[in-house]
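To start, the structure under review is shown below, and the notes come after it.
A short reminder: the numbers here are calculations on the coordinates, not readings from a lab. Since the structure is predicted, the reported quantities are computational estimates derived from the model, not experimental observations. Cβ placement follows ideal geometry from the backbone for every residue including glycine, while neighbour counts extend to all protein chains displayed.
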Amino acid sequence: TATFDGYDITDTQFPPQDSLPKNVSLHLQNLLEPFPESVVGSYDVVHASLLVCGLRGDEWEPAVRNLKTLLKKGGWLFWLETSHSTATSVPPSRAYQKVLELEYEFGKMMGRDNRFFHKLPTYFRNAGLVDVDKKDFLTLDHPEFDQEYNKIFLRVEDQGLHGMVARGGVEGMRTEEDAERALADLKRDMDNGVQCGIVYSWFWGRNP
């Protein structure tokens, strides 16, 4: 029987434990701090995902090294990630490009590394993982998801732009009105046929 443990830095999104299957447990854990000795070296598979907004530039490699400590010999680390640097739209959209530029500038201000996405395989190898590889999934390659992805992107940017303003913002995104205007422009372009897309990449490596 498989056992599943989930870890997050906050429990605000955890469902009640009694609502979960008996083989599923959720735990508080900072990804950058050592895991309890009781779980070190105990997992066949570790999966991380979508930490693009949660880690600064100097935290990616330590995060990989920390996750590796959880693996048994022969265990695998999988990591699903995306980056605004892979985003595009068909046809080109000034509103979409503006949002991406704002995200880039804000990320830089917050200490994020906008090239982390391309460095993850190197971080895996530096941590001692072998058989490192990745597979890319471009959302635009799946037309059946087009409308759903546009909706998802709008929700993400609604939260992202308002969150940006709450932290002081960047040039061109200082007020709630700026955020609402950018979102309205983006939605207008989508309603007029613009399809947004991004690359999700699945990285993996094995603990020898």
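For residues that are of a type in the set (D, E, K, R) and out of contact with any Phe, Trp or Tyr (no Cβ under 9 Å at 6 or more places or on another chain), scanning just the stretch 10-58, find the one that is farthest from residue 80 (Cα to Cα). Taking the candidates together, the pick is 18. If you go through the stretch 107-130 and keep only what is part of a loop (DSSP other than H, G, I, E, B) and closer than 16 Å to residue 162 by Cα, you end up with just 110. Those strands (runs of 3 or more DSSP E) of the stretch 36-106 in which 1 or more residues are in contact (Cβ under 8 Å) with a residue 60 or more places away in the chain and in contact with a helix residue (DSSP H, G or I) (Cβ under 9 Å, 6 or more places away or on another chain) occupy 71-82, 88-90. Here the stretch 122-146 is the region considered, the condition is being touching a Phe, Trp or Tyr at 6+ places or on another chain (Cβ under 9 Å) and under 16 Å from residue 55 (Cβ atoms), and the residue that is surrounded by the fewest Cβ atoms within 10 Å (Cβ to Cβ) is 123. Close Cβ contacts (under 7 Å, 6 or more residues apart or on different chains) running from residues in the stretch 165-189 that are within 14 Å of residue 97 (Cα to Cα) to residues that are outside any helix (DSSP H, G or I) and not hydrophobic (A, V, I, L, M, F, W, C) comprise 189/93.
Within the stretch 14-31, the residues that satisfy the criterion of being assigned to a loop (DSSP other than H, G, I, E, B) and either of a type in the set (A, V, I, L, M, F, W, C) or under 24 Å from residue 62 (Cβ atoms) (or both) are 14, 20, 29, 30, 31. In the stretch 153-200, which residues are within 14 Å of residue 109 (Cα to Cα) and of a type in the set (Asp, Glu)? Result: 171, single match.
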